[in-house]
Amino acid sequence: MRLNVVHAKGRIFVDVPVEIELPEDPSLQDLIAILPAAAAAARSSDPTGHFAGLEIAEGVRRDWIVEGRGANGQPWRREAWAVQPGEAALQAVVALLEEARAVRISDVHALVEVVRRLTVSAVLPEDSAPTP
C-alpha cells in the first residue's frame, strides 16, 4: 500500500511516499505495527526530516469522528480527515497525544507504546455520528 510519511523539516512539512505491505483496509493496529518501518523507510529516502505523521496516499478523504478512552479512563473525541477508519483512528490518537504533549511524535517507538495504551471505541463517518 502506498503511504505518505509526513516529515517535519523545521516548520515545513513534506510528504515522503513509501510502499508498505498492508491489508486493503488496514486497522489502527495494522498501522501502529508498521509505523517504525514506515518512518525508517522515509528517513532513508529523506534523512533531513523527522517523523510527524502518516497518511494513506490514495483514496477519497472524508471527515470522521473518533471516540475512545485514554489510559486513565478519560473519554475523548476527535475529528479526523482520512481515507478509511484505521487511518482516522491513527490521526485522532496522534492529535490527542500532541495536544496533551504526552509523547514526542518524532520518537516513533515511544509513540507506538503510548498509542497502544489508548482505546478507540468508535470511528464513524462525520455525517452519521450522533451529536453529543
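The values are calculated or read from the model by the stated rules, or taken from the named source; none is laboratory data. Just so it is clear, the structure is predicted and the values come from calculations on it, not from any experiment. Counting neighbours? That spans all protein chains shown, and the Cβs are built from the backbone with ideal geometry, glycine included. Each accessible area value is taken on the protein alone, full model and side chains, heavy atoms only, with ligands, DNA and RNA left out. Shrake-Rupley method; radii C 1.70, N 1.55, O 1.52, S 1.80 Å.
Which members of region 48-62 meet the condition of being surrounded by 14 or more Cβ atoms within 10 Å (Cβ to Cβ), over 11 Å from the mean Cα position of the chain (by Cα) and among the charged types (D, E, K, R)?
61, 62
Is there a residue being at positive phi, within 14 Å of the chain's Cα centre (by Cα), outside any helix (DSSP H, G or I) and surrounded by 14 or more Cβ atoms within 10 Å (Cβ to Cβ) anywhere in region 66-74?
no
Which of the residues spanning region 85-132 are in contact with a Lys or Arg (Cβ under 8 Å, 6 or more places away or on another chain) and open to solvent by 50 Å² or more (accessible area, probe 1.4 Å)?
Across region 85-132, the qualifying residues are 119, 121, 126, 132.
What are the residues in region 91-132 that are among the hydroxyl-bearing types (Ser, Thr, Tyr) and within 19 Å of residue 39 (Cβ to Cβ), if any?
Scanning region 91-132 gives a single hit, 106.
Any chance you could count how many residues in region 27-38 are touching a strand residue (DSSP E or B) at 6+ places or on another chain (Cβ under 9 Å) and over 12 Å from residue 106 (Cα atoms)?
5
Residue-wise test of (1) β-branched (Val, Ile, Thr); (2) crowded, with 18+ Cβ neighbours inside 10 Å; (3) modelled with pLDDT under 95; (4) within 16 Å of residue 109 (Cα to Cα).
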| position | (1), (2), (3), (4) |
| --- | --- |
| 11 | no, no, yes, no |
| 14 | yes, no, yes, no |
| 25 | no, no, yes, no |
| 40 | no, no, yes, yes |
| 46 | no, no, yes, no |
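Scan region 110-125 and tell me whether some residue there is more than 24 Å from residue 25 (Cα to Cα) and of a type outside the set (Ser, Thr, Tyr).
yes
Has region 20-39 got any residue that is more than 18 Å from residue 114 (Cβ to Cβ) and touching a Phe, Trp or Tyr at 6+ places or on another chain (Cβ under 7 Å)?
no
In region 75-100, what residues are part of a strand (DSSP E or B) and acidic (Asp, Glu)?
79
When the residues of region 27-38 are narrowed to those that are among the hydrophobic types (A, V, I, L, M, F, W, C) and open to solvent by less than 60 Å² (accessible area, probe 1.4 Å), which ends up farthest from residue 89 (Cα to Cα)?
Filtering first and then ranking leaves 37.
Name the residue, out of 115, 103, that is assigned to a helix (DSSP H, G or I), in contact with a helix residue (DSSP H, G or I) (Cβ under 6 Å, 6 or more places away or on another chain) and at pLDDT below 90.
From the options 115, 103, the qualifying one is 115.
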